[in-house]
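Each remark here refers to the structure printed beneath this line.
The values are calculated or read from the model by the stated rules, or taken from the named source; none is laboratory data. This one's a predicted model, so the numbers in the text were calculated from it and none came from an experiment. Glycine also receives a Cβ, built like all others from the backbone with ideal geometry; neighbour counts cover every protein chain displayed. Calculation scope for accessible area: heavy atoms of the full protein, side chains included, ligands and nucleic acids excluded. Shrake-Rupley method; radii C 1.70, N 1.55, O 1.52, S 1.80 Å.
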Amino acid sequence: MNELRFFNPYGEIRHTENRLPHWQQENAVYFITFRLADAVPSHLRNQWESERASWLRLHPEPWSIEIELEYHKRFSGAIERWLDAGHGSCLLRRSDCAKIVGETLRYFDGDRLALIASVVMPNHVHALLVQGPEQPLEKLIRSWKTFTARQINSTLSRSGSLWQRDYFDRLVRDEAHFANCVRYIRRNPEKARLGKPNTSFTKANSQARSITRSGGF
């Protein structure tokens, strides 16, 4: 992989959907967020789903770049604010649980993906990555969730669902967007008033900084 490939609005896009719409392009750069099942209170989630359904009826796909940006500002932005508020059990505040997730994110680094930056927050996870060839994003994230849920449930002697069913993803559009994603991940703990993150669970390394400067691996 010699250079980053950002979103190409004229290229082939693979559309998938569970509860949320997902766009995929081969070897693209993604900003991913997935959360614990109880990280957003039900009344906020119900309000969000109702407003989103109404908005989608007025904005059928395919979307222009401007419409997609509006969607993320309105709906992804709301979720980010609620996650940073620290709702729910926040099981990932425990160092043993955060370590399980952090090590799992890095396990396929250099094989199924190139992990550029990541952070494990008390009730959610962010990752900036390059999708590997023939590695559908939904399959990768499902494997992360399945393994970490099994390990964390065993560690805590609990059972039941751990993660939200779906995930949020954004195709990174250009170098400026890429740099913003790296900064967001590095600053998220401070923004959520958690202080400096444990570096064992945060990866925003020299490779990411060199990519920001030069635009390539």
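Quick look at the numbers
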{"quantity": "Contour excess over end-to-end distance, with Cα ends at Trp48 and Tyr107 and 0.36 nm allotted per residue", "calculated": "17.9 nm"}
{"quantity": "Shape category assigned to segment 49-128 from the gyration tensor of Cα positions, a/c cut at 1.5", "calculated": "oblate"}
{"quantity": "Calculated FRET value between Ser161 and Ile65, using beta carbons and R₀ = 45 Å, to 0.05", "calculated": "0.80"}
{"quantity": "Spacing of the two label points (7 Å from each Cα toward its C-beta) at Asp96 and Leu56, in nm", "calculated": "3.9"}
{"quantity": "Over segment 119-165, volume per residue of the alpha carbon convex hull, in Å³", "calculated": "84"}
{"quantity": "Cross-link partners of Lys191 among aspartates and glutamates (Cα-Cα below 13 Å; sequence separation of 8 or more within a chain)", "calculated": "Glu80, Asp84"}
{"quantity": "Peptides 65-76, 109-120 ordered by average Cβ neighbours within 10 Å, highest first", "calculated": "109-120, 65-76"}
{"quantity": "Order by protection proxy (mean Cβ within 10 Å, highest first), peptides 90-100, 154-164", "calculated": "90-100, 154-164"}
{"quantity": "In nm, spacing of pseudo-spin labels at Ala176 and Ala78 (7 Å Cα→C-beta vector)", "calculated": "2.7"}
{"quantity": "From phi via Karplus (6.51, -1.76, 1.60), per-residue ³J(HN,Hα) for segment 34-39 in Hz, x at Gly/Pro", "calculated": "9, 10, 5, 4, 9, 6"}
{"quantity": "Long-range amide H partners of Ala37 with built H, under 5 Å", "calculated": "Trp163, Gln164"}
{"quantity": "Accessible-area composition of segment 54-161, carbon plus sulfur, in percent [1.4 Å probe]", "calculated": "51"}
